[in-house]
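*Asks:* I'd like to ask some things about the structure below.
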Amino acid sequence: YVGIKLEEELEYATFTDMRQISDYAQSAVQELYCGGIINGMSNDTFAPLDTATRAMAARTIYALLMV
């Protein structure tokens, strides 16, 4: 929306639950992951159907503000 261009910091890792990520969100998840804004869970999952915690939301907002 605001035109932030993320530098690719990480190589995209596939998550074991990738099929649960909606088709419309696949590219956004990949871009945000590679840009270091979001990351998966510790067990190689992304958990797209789980509810995000306040800590997860705060970390994402902070990471976006630091770009």
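*Asks:* Per residue, how large is the accessible surface of the chain? Use a 1.4 angstrom probe and give square angstrom.
*Replies:* Each residue of the chain exposes 82 Å² on average to a 1.4 Å probe.
*Asks:* Leaving out ligands, DNA and RNA, what percent of the accessible area of the chain is carbon and sulfur, probe 1.4 Å?
*Replies:* So the carbon and sulfur contribution to the accessible surface is 53 percent.
*Asks:* Something else about it: Pairs of alpha-carbon atoms within less than 8 angstrom and 6+ residues apart define the contacts here; what relative contact order does the chain have, in percent?
*Replies:* 38 percent
*Asks:* Next up: Restricting things to alpha carbons, tell me how big the chain is in terms of Rg and Dmax, in Å.
*Replies:* Cα only, the chain: 11.8, 32 Å (Rg, Dmax).
*Asks:* Show me 5-12, 38-45 ranked by packing, highest mean number of other Cβ atoms within 10 Å first.
*Replies:* Answer by packing, highest mean first, reads 38-45, 5-12.
*Asks:* Moving on. With label points built 7 Å along Cα→Cβ from the Cα atoms of K5 and Q20, find their separation and express it in nm.
*Replies:* 3.6 nm
The values are calculated or read from the model by the stated rules, or taken from the named source; none is laboratory data. Please read these numbers as outputs of a predicted model, since none were measured by experiment. Every residue, glycine among them, receives a Cβ derived from its backbone with ideal geometry; neighbour counts consider all protein chains shown. When the accessible area is computed, the model is the full protein with side chains, heavy atoms only, and any ligands, DNA or RNA have been set aside. Shrake-Rupley method; radii C 1.70, N 1.55, O 1.52, S 1.80 Å.
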